[in-house]
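Step one of this worksheet: look at the structure below.
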Amino acid sequence: MKRFLILISLLSVILLSACSGKEASLADLYKGQSAQQIFHKAEVNLASGSYKSAVEQLEALDTLYPFSENEEQAQLDIIYAYFQAEDYASSAAAAARYIHLYPRSDRVDYAYYMKGMAHFTENRGFSARYFNIDFSQRDLASPKQAYDDFSDLIERFPDSQYVPNARSRMVYLRNLMANYELNIAQYYFKHDAYLAAINRADNILQHYQQSPAVVPALGIISESYYKLKLYELSDKTLQVLAINYPNSDVYKQIKKTRPEAPHS
């Protein structure tokens, strides 16, 4: 326990030293420049797409002149600069900071939106741009947070200009999370863990009713009950498929492969 506390203390010292060193270097780099000069350079770099330079200047402005006349705009700018520099964690943190500092600003809806965008994009880096990746098979902490962020925006600012885009992204995220549950349900089914498969598939029905994953989820539930010899429950689930999705491949495949049983 004593060694653990010493290690924590050392890490804290290292982190504080790193932060102090960064602030000192920024102070040296922009020594003698006014808040207006630093802010103007940041704006020029934002306009030209030099986002990392803009981040540095906006951080310097915050360090050297935390109460400058352009402080609120600088806080908005750094959210965008971090995002464009692909530092999504810092972008989300900057958005949260703006929301805390300026909760009644007429531009705070932008911060809510960018907080969602940062979490939405966080797991979609280089590999997503150049390779075909199924994000429903990856960790969903960031997508879930993005969904909550967009939902928060819509609830608080239903008339915001960012709401339509946020809604469309929520549909994508809903389907993503439903497919995540479906992947797990399919895994359990393939490994004969039928009760676990039913539980995960039922979670799709409970929470993602508008998702395309509902159809295969019903199929897994029906097939799992059938494997467990709970034929009545299997048939009831199959009837739901027949009534609501009679032309689905899932329903057709089950009817084609399942033999007529004496119980039916």
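Being modelled with pLDDT of 95 or more and touching a His at 6+ places or on another chain (Cβ under 6 Å) holds for only one residue in Ala118, Ala146, Ala166, and it is Ala146. Criterion first (of a type outside the set (Ser, Thr, Tyr), modelled with pLDDT of 95 or more, crowded, with 16+ Cβ neighbours inside 10 Å and under 20 Å from the mean Cα position of the chain (by Cα)) does Phe135 satisfy it? No: the conditions fail for Phe135. Annotation for region 67-75: no member residue is surrounded by 21 or more Cβ atoms within 10 Å (Cβ to Cβ), under 15 Å from Lys115 (Cβ atoms) and of a type in the set (A, V, I, L, M, F, W, C). Of all residues in region 40-77, those satisfying the criterion of being touching a Leu at 6+ places or on another chain (Cβ under 7 Å) and small (Gly, Ala, Ser) are Ala42, Ala54, Ala60, Ser68, Ala74. For region 33-53, the candidate set comprises residues that are assigned to a loop (DSSP other than H, G, I, E, B) and hydroxyl-bearing (Ser, Thr, Tyr); within that set, the residue that is modelled with the highest pLDDT is Ser50.
When region 29-53 is filtered for residues that are crowded, with 17+ Cβ neighbours inside 10 Å and either of a type in the set (Lys, Arg) or touching a Pro at 6+ places or on another chain (Cβ under 7 Å) (or both), only Lys41 remains. Checking Ala89, Ala81, Ala74 one by one, the residue that is in a helix (DSSP H, G or I) and under 14 Å from Glu122 (Cβ atoms) is Ala89 and no other.
Consider Arg97 carefully, then state whether it is modelled with pLDDT under 95, surrounded by fewer than 21 Cβ atoms within 10 Å (Cβ to Cβ) and in a helix (DSSP H, G or I). No: the conditions fail for Arg97. For region 8-20, the criterion of being at pLDDT 75 or above and either in contact with a Pro (Cβ under 9 Å, 6 or more places away or on another chain) or surrounded by fewer than 18 Cβ atoms within 10 Å (Cβ to Cβ) (or both) is met by no residue.
Restricting region 147-192 to residues that are more than 16 Å from Gln206 (Cα to Cα) and of a type in the set (Gly, Ala, Ser) leaves a set whose member that is surrounded by the most Cβ atoms within 10 Å (Cβ to Cβ) is Ala166.
Any idea which of Glu56, Glu86 is of a type in the set (Asp, Glu), under 15 Å from Tyr30 (Cβ atoms) and either surrounded by 18 or more Cβ atoms within 10 Å (Cβ to Cβ) or touching a Gly at 6+ places or on another chain (Cβ under 9 Å) (or both)?
Values: Glu86 fails: under 15 Å from Tyr30 (Cβ atoms).
Matching residue, one of Glu56, Glu86: Glu56.
Please go through region 199-247 and pick out each residue that is in contact with a Phe, Trp or Tyr (Cβ under 8 Å, 6 or more places away or on another chain), over 29 Å from Ser168 (Cα atoms), assigned to a helix (DSSP H, G or I) and not aromatic (Phe, Trp, Tyr). Steps first, answer last, please.
Going residue by residue through region 199-247, those that are in contact with a Phe, Trp or Tyr (Cβ under 8 Å, 6 or more places away or on another chain) are 200, 214-215, 218-220, 223-225, 227-228, 231, 233-234, 237-238, 241-242, 245.
Within this subset, residues satisfying the condition of being over 29 Å from Ser168 (Cα atoms) are 223-225, 227-228, 231, 233-234, 237-238, 242.
Going one step further and asking which of them are assigned to a helix (DSSP H, G or I), we end up with 223-225, 227, 231, 233-234, 237-238, 242.
Hits for region 199-247 are Glu223, Ser224, Lys227, Leu233, Ser234, Thr237, Leu238, Ala242.
Loosely packed, with under 13 Cβ neighbours inside 10 Å, more than 34 Å from the chain's Cα centre (by Cα), of a type in the set (D, E, K, R) and in a loop (DSSP other than H, G, I, E, B): is that true of Lys256 in this structure?
Values: loosely packed, with under 13 Cβ neighbours inside 10 Å: yes; more than 34 Å from the chain's Cα centre (by Cα): yes; of a type in the set (D, E, K, R): yes; in a loop (DSSP other than H, G, I, E, B): no.
Spelling it out, it is not the case that Lys256 is loosely packed, with under 13 Cβ neighbours inside 10 Å, more than 34 Å from the chain's Cα centre (by Cα), of a type in the set (D, E, K, R) and in a loop (DSSP other than H, G, I, E, B).
Based on what the data block shows, is Tyr30 at pLDDT 80 or above, farther than 25 Å from Lys115 by Cβ and of a type in the set (Phe, Trp, Tyr)? Here the answer is yes, as Tyr30 does meet what is asked.
The values are calculated or read from the model by the stated rules, or taken from the named source; none is laboratory data. Since the structure is predicted, the reported quantities are computational estimates derived from the model, not experimental observations. A quick note on method: Cβ atoms are made from the backbone with ideal geometry, for glycine too, and the neighbour counts reach across all protein chains shown.
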